[in-house]
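Worksheet: the structure to be examined is printed underneath.
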Number of protein chains: 2
Amino acid sequence: MFSFIVNKKDNRARVCSFVSLHGIVETPCFMPVATSASVKLLTSEEVFSMGLKAIILNAYHLYIKPGTKIIIDSGGIHNFMKWNGLALTDSGGFQMFSLPGSQENEEGISLRVPETGAQHYFTPEKMIEIEEKIGADVMMCLDYCPKIWDNLQELKISVQRTVDWAKKCKSAHSTENQQLWGIIQGGIDISLRQQCIERLEEIEFPGYGIGGLSIGEPWSKTLEIIDLVSKSIPENKVRYLMGMGMPDQVVEACEMGIDFFDCAMPTRIARNGTTLGWNGKFNIKAAACKDENGPLDPECNCFVCKTYSRAYLRHLFNAHEMLGMRLNSYHNLYFMSELMKKIRSSIKQGKFQEFKKDFLNKYQQKE
Amino acid sequence: MFSFIVNKKDNRARVCSFVSLHGIVETPCFMPVATSASVKLLTSEEVFSMGLKAIILNAYHLYIKPGTKIIIDSGGIHNFMKWNGLALTDSGGFQMFSLPGSQENEEGISLRVPETGAQHYFTPEKMIEIEEKIGADVMMCLDYCPKIWDNLQELKISVQRTVDWAKKCKSAHSTENQQLWGIIQGGIDISLRQQCIERLEEIEFPGYGIGGLSIGEPWSKTLEIIDLVSKSIPENKVRYLMGMGMPDQVVEACEMGIDFFDCAMPTRIARNGTTLGWNGKFNIKAAACKDENGPLDPECNCFVCKTYSRAYLRHLFNAHEMLGMRLNSYHNLYFMSELMKKIRSSIKQGKFQEFKKDFLNKYQQKE
């Protein structure tokens, strides 16, 4: 049913094929965020046909709305949202723990949904039941993300619970057409990260998310941990860097052998008027764009760049026309898709270092 | 440059061809509203390829944002928004007069733009200058829409100013590739409407908008006035019913020989969750839709109906996902396009009455 094959390596950077019931995903790949079964403002078909073959959804959010019954009745999440590629569900632990008033202990987490006031209690087993019902191809274990990055006691609790819960998730997992991946916690503490990996490896998972990064620690620390953790995940297993995926971050992490990325930023900043481009990102709302008749990015072949001008996009944002957010979201995701294609192609040609240097030189010049 | 040909009549209902630099528009036609150079949430290409070949824009709004210079620099409104069909600009008089604090006299109107506080003064001549710069195929004269429907004095002022201003607009009009249409006012007063038409005909326009309806008067009165005014506009001239275009209104007015319609309702209600269907309109947000796996409308062939379920659309609205507004807007405009095609086809076959009866029977059953 599932397979994961390393096709080509260029130092530690690698191109792999991940095969599920919903086709082959070539990695390194970027997964757009479809928290509530929608990549904001875009159709599933648009996302798929720009070359993005995997998305990430949020099990907690989908459990609250529309609920698992409606998803099951419509034939599972793929049919519900007409997504023909790989679907991955995160448990949504991070979102649950962030809710004001949520309370957790060794067994699970209780919370009150802000919108409805309804009280819920989630255990690792309950989350797997929900994720199985949603029907994504890959499910993430419920993990415990530390609330602060520099408190050793909190990091220890995080690793302990994450490992305990991973064991429970694995026992609860009952489906064959869905794969379950573990999540590695441990913050910026190298020995805790090592410990977490070893204990998860005892439980055994075919893939691992690297969680608990980008929560306040300095970027050099983030890179150090990605570097270390990636090395410690066995070669034949998937390495997924959770929640991080701005273009320069992606390039740096690919060098360390990361396979999967997800990030809400490319679409979120798109809605605020930030446009990704090969010469760096820029704000399309800026006055400088108001009479620029060229495309968002001169090197981009997306339909937005082939059709509309910066002046038009700038006007749409300025006039609060939602079409602006839609077109900019399309462009930014297309940019991410092209970036991943170029990364894969450079690895295949053994020229990743060259690509990385050229890309960062151009991309970071304006930032 | 321009031509208007009556191809087929079925009693008073008629199919005509209106030809401009931007192709042939077959009437009766429905114009989506693109106030600020965007049919909300949809691309120009989507609107055009669903069979809608004409849109209406608002000269006042475009003058404020992005301003005529930016439109001129990008090669005119068609190139600015990549619209390949007929573009018609309303002056935006209605919107100007509705601004709090606006003041008008025989010469024009002064107002303060709410967002910027900037003071502006518009005369009929100034509006034509703006409309010519925007570069739409058809421009509407600046008219004076009465503020209340049942005050004879106000209606008289409205006719007097509208005719005076039409004369000034015509004198100011200097372009050959743009056609200027007059607007008929007079409220529900039959003799005032007649008077207005006669005086506008003395100035001579190739087409007429019927304005000042649907501002509070009963529907029976509205129909009576459309009936009378349409009869009084010479056969060889365009009849454009301004600002009205819900499906049942369109069908009723086509019977009276109306050629052009525009209306913000199909897209505005779409964003609020109202879906047009051949069995009547309904609210997609309703609980009844939550587990309906069928399309928005079983008879509709739009990509939304061919792809997604009511349950998915309902979820998108429920989860405040803007994709819901986008997909519902697409469907509602596609519905309007299909309705106009069916109307034209029934007229060509001499079966308009039959179509009208069948359509209204089904469409009005649920309302």
Counting only other chains, what is the mean number of Cβ atoms within 10 angstrom of the Cβ of each residue in peptide A:299-308?
1
Using only DSSP helix segments of four residues or longer, with each worth -39500 (n - 2.57), what per-residue ellipticity at 222 nm results for the protein assembly as shown after dividing by its residue count and rounding to 500?
-13000 deg cm²/dmol
Which whole-percent values make up P(r) of the protein assembly as shown when all C-alpha to C-alpha distances are grouped in 10 Å steps starting at zero?
3, 13, 21, 21, 16, 12, 9, 5, 1, 0
List, shortest first and in nm to one decimal, how far the label point of B:THR116 (7 Å from Cα along Cα→Cβ) is from its counterparts in the other copies.
4.7
Within straight cross-link reach of A:LYS147, meaning Cα distance under 18 Å, which lysines are found once same-chain residues fewer than 8 apart are removed?
A:LYS156, A:LYS221
Name the most mobile residue of A:GLY85, A:GLY350, A:GLY117, meaning the one with the largest mean-square fluctuation, in a Gaussian network model of chain A with Cα contacts below 10 Å.
A:GLY117
Please report the spacing between the Cα centers of segment A:23-44 and segment B:138-154 in Å, no decimals.
51 Å
With springs only between Cα atoms under 10 Å apart, run a GNM on chain B and tell me which of B:ASN283, B:ASN105, B:ASN272 wobbles the most.
B:ASN105
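Mind pulling the per residue volume of the convex hull built on the Cα atoms of segment B:114-222? Å³ is fine.
With only Cα atoms used, segment B:114-222 gives 126 Å³ per residue.
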Give the order of A:SER98, A:SER329 when sorted by the count of other beta carbons within 10 angstrom, beginning with the fewest.
A:SER98, A:SER329
Which aspartates and glutamates, if any, have their Cα less than 12 Å from the Cα of A:LYS168, not counting same-chain residues under 8 positions apart?
A:GLU106, A:GLU107, A:GLU125, A:GLU129, A:ASP143
Angle between the Cα long axis of helix B:219-232 and the longest principal axis of chain B, 0 to 90 degrees, nearest 10?
60 degrees
Determine the shielding of peptide B:169-181 by partner chains: average, over its residues, the number of Cβ atoms on other chains within 10 angstrom of each Cβ.
0
Highest GNM mean-square fluctuation among B:CYS305, B:CYS141, B:CYS169, for chain B with Cα springs under 10 Å, belongs to B:CYS305
The protein assembly as shown: antiparallel bridges as % of DSSP beta bridges, rounded to 5, reads 45 percent
List every residue whose amide H lies under 5 Å from the amide H of B:GLY207, counting only residues 5 or more places away in sequence or on a different chain, with H placed 1.01 Å from N in the peptide plane.
B:GLY182, B:VAL238
Which lysines, on any chain, are close to B:LYS285 with Cα under 17 Å apart, when same-chain ones fewer than 8 places away are left out?
A:LYS65, B:LYS366
Can you list residues from other chains, or at least 5 along the same chain, whose modelled amide H is less than 5 Å from the amide H of A:CYS16?
A:ASN7, A:THR27
What order do you get for A:MET242, B:MET336 when you list them from fewest to most C-beta neighbours inside 10 Å?
A:MET242, B:MET336
Between segment A:298-334 and segment A:233-247, what is the C-alpha centre distance in whole Å?
30 Å
By the rule of another cysteine's Cβ lying under 4.7 Å, the cysteines of chain A that fail to get a partner are A:CYS16, A:CYS29, A:CYS145, A:CYS196, A:CYS254, A:CYS263, A:CYS289, A:CYS302
Among the listed pairs A:LYS53/A:LYS356; A:LYS342/A:LYS362; B:LYS53/B:LYS231, those beyond 19 Å (Cα-Cα)
A:LYS53/A:LYS356; B:LYS53/B:LYS231
Using eta = 0.692 mPa s and T = 37 °C, Stokes-Einstein with Kirkwood Rh from Cα pairs puts D for chain B, in µm² s⁻¹, at 156 µm²/s
Compute the distance from the alpha-carbon center of segment B:261-287 to that of segment B:104-121, in whole Å.
34 Å
Taking every residue of B:62-72, the Cβ atoms of other protein chains inside 10 Å of its Cβ average out to 3
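Coordinate-derived values only; no laboratory data. Note that the structure is predicted; figures quoted are calculated from it, not measured. Using ideal geometry, Cβ is built from the backbone for each residue, glycine included, and neighbour counts are taken over all protein chains shown.
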